[in-house]
Amino acid sequence: SLAIKMEAVRPVLRNSPFLNWQRAIHPLLKSSLSLQGKKIVPLNIELHPEQRILIISGPNAGGKSVCLKTAGLLQYMLQCGLLIPVSDDSEAGVFGKIFLEIGDEQSLENDLSTYSSHLIHIRHLLENANDKSLFLIDEFGAGTEPQLGGAMAEASLESLITTGCFGIATTHYTNLKLMAGKHPAIVNGAMLYDTKAMTPLFRLSIGKPGSSFAFEIARKIGFPD
């Protein structure tokens with residue numbers, strides 16, 4: 001009954017780490033938007049042995065985190081035996097480990113800052129990832145001075161490439177976007193933006209990095225010149 005409600009299917013299954021989803025939908029977001037009379041924009045997401053790591057960039061509120069959470073939720077649902085809301089020509093595999101670094105886990109009790117918490121999770125990932133792992137990282141390297149945080153994130157990504165693991169990370173950092181040109185295993189993805197209407201389209205485009213549109217968004221909200 002849950003599968004019928006979500007319009008979910010069983011994708012073509014592979015006995016290896018793999019992900020090729022067509023028209024993937026976050027079921028909770030779809031439910032929330034439908035109550036508001038809005039429609040969700042489906043996502044096409046692909047990870048395979050030759051293209052293992054997807055770096056998603058684009059403006060804030062453009063859908064980067066939603067894309068990341070959609071990937072994490074649907075893969076975990078599938079590995080729990082649930083059908084998932086994708087088109088029936090989609091393909092999916094199984095990952096031995098799934099690592100998540102999403103959200104802010106500051107801790108007053110443990111004296112952890114946002115960045116310290118981020119680093120602890122990345123350290124755990126670096127120590128435990130292998131070629132059957134999937135990682136999902138939101139705002140990779142954020143929370144400290146951008147140039148240094150970007151360098152830490154880049155070094156971490158280079159280390160993760162050597163493990164053969166799969167992953168999706170969102171970022172605003174230019175140096176992470178440029179890594180796709182250096183490493184064949186990394187590909188850029190952009191959340192598309194209507195530059196005339198200055199509104200996000202919530203569509204993921206694979207192959208080129210996205211812009212943060214920092215000044216354009218500031219101008220739209222009336223930020224003083």
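The values are calculated or read from the model by the stated rules, or taken from the named source; none is laboratory data. Owing to the predicted nature of the structure, the values given are computational and were not obtained by experimental measurement. Methodologically, a virtual Cβ is constructed for each residue, glycine included, from the backbone with ideal geometry; neighbour enumeration extends over all protein chains shown. Areas reflect the complete protein model, heavy atoms only, side chains present, ligands, DNA and RNA absent. Shrake-Rupley method; radii C 1.70, N 1.55, O 1.52, S 1.80 Å.
Quick notes on this structure:
- Residue count for region 164-190, restricted to those that are more than 20 Å from Glu46 (Cβ to Cβ) and polar (S, T, N, Q): 2
- Residue within region 16-25 that is at pLDDT 95 or above, over 15 Å from Glu91 (Cβ atoms) and not small (Gly, Ala, Ser) present: yes
- Test: Gly62 is part of a loop (DSSP other than H, G, I, E, B) and of a type in the set (Gly, Ala, Ser): yes
- Pairs, first in contact (Cβ under 8 Å) with a residue 12 or more places away in the chain in region 17-36, second outside any strand (DSSP E or B) and of a type in the set (Gly, Ala, Ser), C-beta under 7 Å, six or more apart: Pro17/Gly93; Phe18/Gly93; Leu19/Gly93; Asn20/Ser90; Trp21/Ser90; Gln22/Ser87; Gln22/Ser90; Arg23/Ser87
- Against the conditions (1) touching a helix residue (DSSP H, G or I) at 6+ places or on another chain (Cβ under 6 Å); (2) open to solvent by less than 20 Å² (accessible area, probe 1.4 Å); (3) part of a helix (DSSP H, G or I), His118 satisfies every one except (1).
- Taking region 113-157 as the range and being of a type in the set (D, E, K, R) and without any contact (Cβ under 8 Å) to a residue 24 or more places away in the chain as the test, the residues that pass are Arg123, Glu127, Glu145.
- When the residues of region 207-220 are filtered to those that are of a type outside the set (Phe, Trp, Tyr) and assigned to a loop (DSSP other than H, G, I, E, B), the one that is nearest to Asn44 (Cα to Cα) is Gly207.
- Total residues in region 65-96, condition assigned to a loop (DSSP other than H, G, I, E, B) and buried (at least 20 other Cβ atoms within 10 Å of the Cβ): 5
- Scanning region 140-153 for residues that are farther than 21 Å from Ser65 by Cβ and either touching a helix residue (DSSP H, G or I) at 6+ places or on another chain (Cβ under 6 Å) or not small (Gly, Ala, Ser) (or both) yields Glu145, Gln147, Leu148.
- Residues (within 21 Å of Lys69 (Cβ to Cβ) and not basic (Lys, Arg)) located in region 200-220: Pro200, Leu201, Phe202, Leu204, Ser205, Ile206, Pro209, Gly210, Ser212
Results for (1) touching an Asp or Glu at 6+ places or on another chain (Cβ under 8 Å); (2) open to solvent by 80 Å² or more (accessible area, probe 1.4 Å); (3) assigned to a strand (DSSP E or B); (4) over 18 Å from Lys64 (Cα atoms), shown as yes or no for each residue.
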| site | (1), (2), (3), (4) |
| --- | --- |
| Glu127 | no, yes, no, yes |
| Phe135 | yes, no, yes, no |
| Gly222 | no, no, no, yes |
| Asp225 | no, yes, no, yes |
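- Residue check, Leu178 closer than 24 Å to Lys208 by Cα and among the aliphatic types (A, V, I, L, M): yes
- Boolean, Leu157 is touching a Cys at 6+ places or on another chain (Cβ under 6 Å) and either open to solvent by less than 50 Å² (accessible area, probe 1.4 Å) or under 23 Å from Tyr115 (Cβ atoms) (or both): no
- Test: residue in region 140-152 that is among the β-branched types (Val, Ile, Thr) and either in a helix (DSSP H, G or I) or in contact with a strand residue (DSSP E or B) (Cβ under 8 Å, 6 or more places away or on another chain) (or both): no
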